[in-house]
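Have a look at the structure below before the remarks.
Where a number appears in this text, it was derived from the coordinates with a stated rule and is not lab data. No experiment lies behind these values; they were computed from the predicted model shown. Using ideal geometry, Cβ is built from the backbone for each residue, glycine included, and neighbour counts are taken over all protein chains shown.
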Amino acid sequence: MTNIACQSEIETQAKYWLWRIEQGLSQQERQAFVAWVNQDNKHHASLRKYSRSLTTAKLLAEFNGLFPIERKTSSKAKTFISQMSLAASVVFFGIITSEVFFNNSFSQLFQKTSMPVVYQQFSTKLGEQASFSLPDGSMVQLNTNSLLTISFSDSHRQLNLIKGEALFDVAKDKSRPFSVSSGQQSFTALGTIFNVQKNENNSLELIVTEGRVLIADSNESLPTLTRKIAYSTLQDNNNIIVAGEKAVIFNKIQLPRSEISPEALSHELAWQKGMLIFDGESLREALDEISRYTDLRFTIEDQQLANIKVAGYFKAGDVKSLLDSLTYNFDLNYKEIGNNTIVINKATIEGLSAASAL
């Protein structure tokens, strides 16, 4: 199962990188992409597997060191290649190709690659939370089933939240912006603590608990971000989210930012302590949240029950306690019918007996 999960994660990353290439990579992302490809042969294999289903002519031309195109090779080139290992040649041509795409002179190329890019990835399994220390001293806490990659250079700290939810406690460094991309949006910290959640419907939620965060397009260049940061003191800028505010982005549209009370904030971020807090959410909303921490899926047979208001403190992933509470407080019945599916309906005498047996 571990190997299968690992392969699934690699394929998710490969699909993400192919999508980002089509959108347009920044210079740092191109370096991170090259580093990721050369990290493991499985990364390269997954890219080749999924690139066949895309229009990749431009990609192949730009990254011909990573995706070899058959061509006639001179005897001198053959002699040179025979002296290089496959891994070394891939690294060399990958970096050269990606950098030359942006720079026409070799002097610029070697100047920009003098500082190595630090590339890492962090992940959590279903129902797991974990904390990590980043190379710059920042801290990140990942919620259940999350995947984060980082690409740190001497001019920019770039992170990609591919899936899940993360809280970032950012180390201050005015010379290197700290940007978290997810989908087509990026969130740049202006010395802050903030939480980003990417939902299954690809909507994004940003909560700022300290400092300020700039919302921008994920493909914006570093100079553009720097200019926006310079003007970030404008209070009427809807793209600047400050401490105590929440922003939601749905279908690429940023909804108006809203203030979030300290109590609501503690509920939203209770997952950091392994807890889930419900305070008037519907049964459907509560079950959707519980589903993030388990492979169980829920079916409500009577749709009127879906609007029941739920309140209480529950340990993340402790499905039985939640269901037992529903059974006791709302006269409901639940039963597992196979395929990790639990059906919830109005209780009967027979149903209560079945529930107590679980």
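Quick notes on this structure:
- Stretched out straight at 0.36 nm per residue, the stretch from Glu22 to Asn219 would grow longer than its current Cα-Cα span by 69.8 nm.
- In this simple spin-label approximation, Thr299 and Phe250 carry label points 7 Å from Cα along the Cα→Cβ vector, and these lie 2.7 nm apart.
- Cα centre as origin, Lys/Arg/Asp/Glu Cβ charges: the range 118-263 dipole, Debye: 320
- Electrostatic dipole magnitude of the range 274-357 [Cβ: Lys, Arg +1; Asp, Glu -1; Cα centre; debye, to 20]: 80
- Residues Val34, Val343 in ascending order of nearby Cβ atoms (within 10 Å, fewest first): Val343, Val34.
- Entries in Lys125/Lys163; Lys174/Lys198; Lys125/Lys315; Lys315/Lys346; Lys273/Lys315; Lys49/Lys125 that, when Cα-Cα distance is taken, lie over 19 Å: Lys174/Lys198; Lys315/Lys346; Lys49/Lys125
- Simple spin-label estimate for Asp40 and Lys346 in nanometres, 7 Å along Cα-Cβ: 5.1
- As a length-normalised measure over Cα pairs under 8 Å and 6 or more apart, the relative contact order of the range 118-263 settles at 15 percent.
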